[in-house]
Structure formats: C-alpha cells, structure tokens
Amino acid sequence: MIAGSLRALERLLLPNACVSCDGPVAGHAPDDLLCSLCRARLRAPGHGCHRCQQPRPPVGPCRFCADWPDVLRGVRSAAWLGPEAREIVHHLKYEGYTALGRPLADLIARAVTRPRHAVLVPVPLGPARQRERGYNQAAVIARALGAVWRAPVAAPLLHRVRDTRSQTTLTPDKRHANVAGAFRARPPRSRRPAAVILVDDVLTTGATLAAAAVALAAAGWTQVGAVTFARALPFELRADGTVEHGRMGHQGT
Ligand SMILES: [Zn+2]
Ligand SMILES: [Zn+2]
C-alpha cells in the first residue's frame, strides 16, 4: 500500500524509467515503460514459415513446427528475444511489472493480425509457480490483448494439472516429454468462438503450446493458434538442442 503510494508519488515527480535501459521515457503516456529507442530496437520476426513464422530452411520443409500437432495452426510473435525484449520479459515475469501488459499487447496487436471469432486463453502456470509468483505473466498479456483486440479472454478454459520442470535446460525431445499431459481443457460451450488463441510471453520450441493444443483438441476444440510477445532467436538454439538464454534464463515455452 505504502509502496504503491510512493510509486505513484515518484511517478508524478520523476519521468518513468525504461524497463529495458533505465533511460528516461519521454513518452506521451504517463505509464509508458519503454523508451522509444528500445521500442525501435525490437525486431519483429517477419515472414517465415506460414505456420510457425520461423525463418525457413534453405531447402526442404520447416523443421521447427514439423512435430507440432495438426490442431496448432499457427504461432505469431511480436519480437525476437533480443536484449531489449529479454529485459522486458524479465521485468514482467520476475519483477512484478504487470503494467507491461498494455505496451506488450499494443506491440502484439501491431505485429499480428487480429484473429476473428477467437477466445484468448493464457498458457497457465502450474499451481506451485502461480502461488510463488502471485500472477501469471501470460494472463497479464492476455487480458491486455483482449482489451486491445476486443476479444474475449477465458483463462479457465485451460489449466495445468501438474507443475513441470523449467524447460530452459532441456533438449527439444525432453521438453515435449516434460509438458506432455500437463494440461486439461474445458470443451467449447457453443460453436462460437470456434478457435482458441493461446497467449504466452515467450516461444522457445513450441513444446508447451503443442501440449496445450493437444489438451484443447481432446476437449473438442478444432482450431488453436498462439501469439507470444517474443520468441527465442534461432541462433540461440545450440547444437545439442538446448537453448542458451544468457544471464537471464527463463522458463521457455
Ligand atoms: Zn529503453
Ligand atoms: Zn514452421
């Protein structure tokens, strides 16, 4: 309470600091948490595989999404997980900066076409992690994105039935095994909205999204897509298949 009031007072007296570079935010919005330089440095993935948006290999079909279940139609992200995006995710996830939900939703809405007739569903945390953190960063983004897109958000459609190990140090095969069967979903109540759009902070291999999509398909949903704020850079995928996250590891999806 007191901390909250102090923060409010501080905000009146000082310009906001950018969560990524600590520089001043001269933005129009008083609660802007990203400076224009860091915003400009965020790089969108662009056109790649029509399904997963990863850069296509020089020859042959895309391997990144080859093992995903058919029900998972497509995944789109607003930014590569470069230094700025990494700081943003870190602040959202571990520093309690839930006010980042809105700027991240705006960045997603700018980069990703608004889906029609879809319900947004945040990728749930396991019960222990949810208790520990007190909030789900994916739900923070989903709620803000729902407001921007004017789309319904239905977190209770999907829950994680067990806590899973952090995915960070696992190879892709082990990631799939780690999250397989970790989710349960509720069936659709009517024919509309027909599709679920999963929302998460970071895409790494897609193992978590694939497991969530399998659970949704088992409950009767026939179309699942996903949006994430950021995605791991392809060169961060090491030769042994684990993902290098530098100094700030995160539980990737
Ligand atoms: Zn900045
Ligand atoms: Zn692909």
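The values are calculated or read from the model by the stated rules, or taken from the named source; none is laboratory data. Bear in mind that the values here come from a model prediction, so they are computed numbers and not experimental data. Every residue, glycine among them, receives a Cβ derived from its backbone with ideal geometry; neighbour counts consider all protein chains shown.
So is A26 more than 16 Å from ligand 2 (Cβ to nearest atom) and surrounded by 13 or more Cβ atoms within 10 Å (Cβ to Cβ) or not? Spelling it out, it is not the case that A26 is more than 16 Å from ligand 2 (Cβ to nearest atom) and surrounded by 13 or more Cβ atoms within 10 Å (Cβ to Cβ). Per this entry, D70 is counted among residues that are over 23 Å from V148 (Cα atoms), out of contact with any helix residue (DSSP H, G or I) (no Cβ under 6 Å at 6 or more places or on another chain) and of a type in the set (D, E, K, R).
When G126, G82 are screened for being over 18 Å from D32 (Cβ atoms), touching an Asp or Glu at 6+ places or on another chain (Cβ under 9 Å) and surrounded by fewer than 20 Cβ atoms within 10 Å (Cβ to Cβ), only G126 passes.
Within the stretch 186-197, no residue that is not assigned by TED's automatic domain parsing to the domain that holds L216 sits with its Cβ atom under 6 Å from a residue that is crowded, with 18+ Cβ neighbours inside 10 Å and in a loop (DSSP other than H, G, I, E, B) at 6+ positions apart or across chains.
The helices (runs of 4 or more DSSP H) falling completely within the stretch 91-193 that include 3 or more residues that are modelled with pLDDT of 95 or more map to 101-111, 137-149.
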